[in-house]
Amino acid sequence: MSTTVTAPSNPIGDPMDLVARTRSHTTLQETVGQTMSMAWRAAKKMRRNPEQFFDVTIQPILFTAMFAYIFGGAISGDVKSYLPLMIPGILAQTVLTTCMATGVQLREDMDKGVFDRFKSLPIARIAPLAGPMVADLLRYTIAATLTFGMGILIGYRPDGGVIGVLAAILLAIFTGWSLAWVFTWIGTIARSAQSVQGISMMILFPLTFLSNAFVPVDSLPDWLAAFVKVNPVSHLVSAARDLANHGDVTGQVWLTLLACVVVIAIFAPLSVRSYKLHL
C-alpha cells in the first residue's frame, strides 16, 4: 500500500512574494523616507564623482558668454539689450539639458546590475527612481544660479529683483525635475546609455532651439512661429522672463506649472511600470 506524503505548506511562501507584498503595503511616509535614502545615496555618489558637475558648472558659463557676444549685436543691437531676452532662454536650455543626464545615469546603473540589489529590499518601487532625481535638484540649482550669475557679471540687470530671479530659478528647477521623468522612462526602455543620450538629444535640442529662447518670435516665418508659440519650452522661457525681468506672475507661469504636473502624472507611473518589468 503506497502512502503519499504531502509536504506542509510554507506559511511564509516564496521570499520574493513576501517582498512584493511588503512593497505593495508601503505607506506614504515610508515611501518618502526611502526616497530620501536613495537621494542621499545618489548625493554621495556625486561627491565621489565630481565630474558629474562639469556640465552644470562649465556649460552655463560658456553658453551664456558665447551666445551673448556672438548673437547680441546681431539680434538686439548690443549685448546689454540682448541679455533680458537671452538669460531666461539659457536658463531653460541649461536646466533641460541637465535633466537629460538622469535617464543616462539610470540606464548605466541598470546595466551594471545596481538595481538588481533592490529586488530583495522591501521598498517602494518608485524610491530607486525618484531618489536620484531628488539629488539632481542640487545640479539644477547650480546650473540655474551660475546662469544668472554669469549674466549679471556681463551686464544683465533683472528688474524683477531678487524675488523675481529666485522665482524664475525655482520654476526652471521644477520644470527640469518634471521633465526628468520623461528621460527616466526612456532610461528604463532603452537598451543602452548611449541610446538614451541619443534619443534625449533628439527630443531636447529641437524643442530648445525651435523656441523663443534666443530670438523674438516675430522675427520668425509664420509656419515656424506657429510651432514656437505652442512649444512647451517657449512657455517656460516666457514665464522666466516675466518673473525675472518684470517680477510678474503671469498666465505663462501657471501654464508652465500645469504642464509640469501633467508630465509628472503621465511619465512617473510609466517609469515605475517600466522599471517593474525589469525586476
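Screening the range 153-243 for helices (runs of 4 or more DSSP H) wholly inside it with 2 or more residues that are in contact (Cβ under 8 Å) with a residue 24 or more places away in the chain and aliphatic (A, V, I, L, M) returns the ranges 161-189, 193-209, 232-241. Among the candidates PRO128, PRO122, the residue that is in contact (Cβ under 8 Å) with a residue 24 or more places away in the chain, in a loop (DSSP other than H, G, I, E, B) and more than 23 Å from PHE67 (Cα to Cα) is uniquely PRO122. Please find, among THR97, THR64, the residue that is at pLDDT 85 or above and either more than 27 Å from THR184 (Cα to Cα) or of a type in the set (A, V, I, L, M, F, W, C) (or both). The match here is THR64.
All of (1) under 29 Å from PRO206 (Cα atoms); (2) crowded, with 17+ Cβ neighbours inside 10 Å; (3) within 16 Å of the chain's Cα centre (by Cα) hold for VAL79 with one exception: (3).
Okay, residues lined up against (1) modelled with pLDDT of 85 or more; (2) on the phi < 0 side of the Ramachandran plot; (3) β-branched (Val, Ile, Thr):
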| site | (1), (2), (3) |
| --- | --- |
| ASP109 | no, yes, no |
| LYS112 | no, yes, no |
| PRO122 | no, yes, no |
| ALA130 | no, yes, no |
| GLY151 | yes, yes, no |
| ARG157 | yes, yes, no |
| VAL162 | yes, yes, yes |
| THR175 | yes, yes, yes |
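Candidates in the range 153-178 are the residues that are surrounded by 14 or more Cβ atoms within 10 Å (Cβ to Cβ) and touching a Pro at 6+ places or on another chain (Cβ under 9 Å); of these, the one that is farthest from LEU85 (Cα to Cα) is THR175.
The values are calculated or read from the model by the stated rules, or taken from the named source; none is laboratory data. Computed from a predicted structure; not experimentally measured. Glycine gets a Cβ as well: all are built from the backbone with ideal geometry, and neighbour counts include every protein chain shown.
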